[in-house]
Each structure stands twice: as structure tokens, then as C-alpha cells.
Amino acid sequence: MRAIVVDEPGDENALQLKDVEAPDLGPGDLRIGVVAAGVNRADLMQRQGFYPPPPGASPIIGLECSGEVLETGSDVKGFKVGDRVMALLAGGAYAEQVVVDAGSAIHVPDAFSMEEAAVFPEVYLTVFLNVFRLAGLPKGGAALVHGGGSGIGTASIQLVKASGGKIIVTAGSDEKCARCRELGADVAVNYREGDFVAGAKQATDGRGVDVVLDSIGAPYLAQNLKALDVGGRLVLIGLMGGAKAEIGLGELLVRRLQIIGSTLRARPVGEKADIVREFLERFGSEIGSSLRPIVDRVMPLDQVAEAHRIMKASTHFGKIVLKVA
């Protein structure tokens, strides 16, 4: 099969299209003929050597895909050859075939194109895990999410609004802020010019938000804590801006705040299956209606280097798709 291979970590030129061996199928696995794959910021980190795959995962880049089931393992139930599926992966999406535990796959609704399906699993499941499962956004609660124009941001807007909550986002331009508001954000703050703490307070009658979802890290830590209401939770899912910061711990005690670190990729397959099942129980009826990925552009697999450059420049809104088949 053809796949994008990185022999040595480096810039976008390290991404090479080559022939490789197809992965082996286990008894609980699906073999998927990949139609399309999503591009995520974690892919750029892996390409540079900063985010290696967990033990046992495919070394090929790519955390989500859509495609058709080619083969099922002996223990698999609920899927058959020919089914359209979208899957959360620990690696391997930039290839013509992937093998994934069946618990990490979801049937593609008729309302979705395969390009939309390819960019659904990683961001929607990440937001569900962190905002709802770990941080426990209460009914009618408020969340602050950074990077409102990203895949995570656009998914957050849709999921929080579907839950009946209020969402405040940040974005890097007035144009992106306007698009976030069109998508459903209650407040969108241009972080280059505005104060997102003030925006969060204003949107919540001065109390602050219940949850902050942050991929920036150190530069935003103190402000994120100020944006929280008493008993609020900050969930860190990335460190794009840096990993070291200093805070006064007294604020955590007095205001009963929590800081939670979280990643999805390295969790055991059983835990991922639980996340998928709980997500479908709560939001499954919304998939294809209020929950629909925002696709910025679709690019052929052999233009993967340019796709990574676009992701790095943050000129996109929503998700970038690689067309594989």
C-alpha cells in the first residue's frame, strides 16, 4: 500500500509517499480502505520528532480517517465488509489502509460526505472527553475554548451549543471571530487585540466560566485561571506556547480550581471504546445535523507537505482533509 513516510524528522520535505507493508489485522480490529484522512496539529509535531506514537501504534502519521471496511477480525460485532466508517486512530491515517480496534470506529451517517467523516473523530471525541467527561461542563454551563477557528474550536462551539451551554472562544483575526459567531459562539475575542478574561466575565455576568479548554499552555495559564468561576476546571490539551509557567497556588485553594492535563492518543483501546460509546449515547442523534465538521479544504495525499504548511500558518478555518483514495 502507499503511505506517507517520515524516515528522519524534519520540515515538510520529510514527508515522502512510499510503498509500505499493510498492517496486520487482530481479532478485535477492522481493516479500513482509507478514503480520506484529517490533518491535525499533532501530525506536525510527530513529523518534527516531538510527538512519537505510543507503543504498538503505527509509526505512520495520522489520527483520524474515513473509509470502507475491507476486513473484520474474528471477534468483531456490529461492523461488516463494505460499511462506511470513520475512525479514531493512534496513528496510520496517511495511508491507503489502516487497522483499528473496532471500538474506535463509528458508522458514517448518510448525511456526511467521506471528507466530512474523515475529520470528525479526533476533534469531536477530544472535546467530548475533556469538556464533558473530565471537566463535567454542567447543564447550562459556560466554556472558554482557545483557537475557535481550529478543528477543536469549531467542534467545541457545536458541542457546547448542542448541550445547551454558553461558549466563549478566542481567534486570531476579526474575520475568524465573525465566523465563530456565525457558527454559534456566544462571544469571540480576537486575542491579538482583546482581553479574553473580560470577555468570559462579561458573557457570564461577572462570575467566570465553568471550563477552560486550552492548547496554548504557559502564556495563558494565569489568565485562564482568572477566567474561571469558583470551582472551575482548566483542561490542558497542548503546549503550543510553552510548557513552563509560575502561578500562585493560593488561588487554586481559595477558589477551588482544578488544572487537568489530558491527551487522547495514548489511552488504552478499551478506554477509547468507552469514550466513543458515551459520546454516541449523548450526542449520536446530533451527528449530521447540529454536529457537522467544518471543512476548510480537501487536498490530495501527494500534497501533504503543503497541507502541513497551511496548518502551521493557521490560515485555515475548521479542518484540512487529505484525499487518499
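Since every read-out is calculated from the coordinates, none of them should be taken as a lab result. Keep in mind it's a predicted model, so treat the numbers as computed, not measured. Ideal geometry is used to build each Cβ from the backbone, glycine not excepted, and the neighbour counts take in all protein chains shown.
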**Complete:** Here the relative contact order (percent) of the chain, from C-alpha pairs under 8 Å and at least 6 apart, is 19
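Over the range 145-213, what relative contact order in percent results from Cα pairs under 8 Å that are six or more residues apart? Walk me through the numbers before you get to the answer.
Numbers: 103 pairs, mean separation 19.5, N = 69.
Reported as a whole number, the value is 28 percent.
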**Prompt:** In terms of Cα to Cα distance under 12 Å, which aspartates and glutamates are near enough to LYS80, apart from those fewer than 8 places away along the same chain?
**Reply:** ASP29, GLU68, GLU71
**Asked** Which of VAL76, PHE132, GLY151 sits closest to the plus end of the dipole of the range 45-170, meaning its Cα is farthest towards the positive end, when Lys and Arg get +1 and Asp and Glu get -1 on the C-beta?
**Response** PHE132
**Prompt:** For the cross-link pairs LYS77/LYS323; LYS77/LYS166; LYS161/LYS226; LYS161/LYS312, which exceed 26 Å when the distance is taken from alpha carbon to alpha carbon?
**Reply:** LYS77/LYS323; LYS77/LYS166; LYS161/LYS312
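Where the only charges are on Cβ atoms (+1 Lys, Arg; -1 Asp, Glu), what is the dipole of the chain about its Cα centre, to the nearest 20 debye?
Details: 34 positive and 40 negative charges, 204 e Å.
Result for the chain is approximately 980 debye, rounded to the nearest 20.
Using only alpha carbons, build the gyration tensor for the chain and give me the equivalent ellipsoid semi-axes, biggest first, whole Å.
Working: eigenvalues 218, 88, 68 Å².
In descending order the semi-axes read 33, 21, 18 Å.
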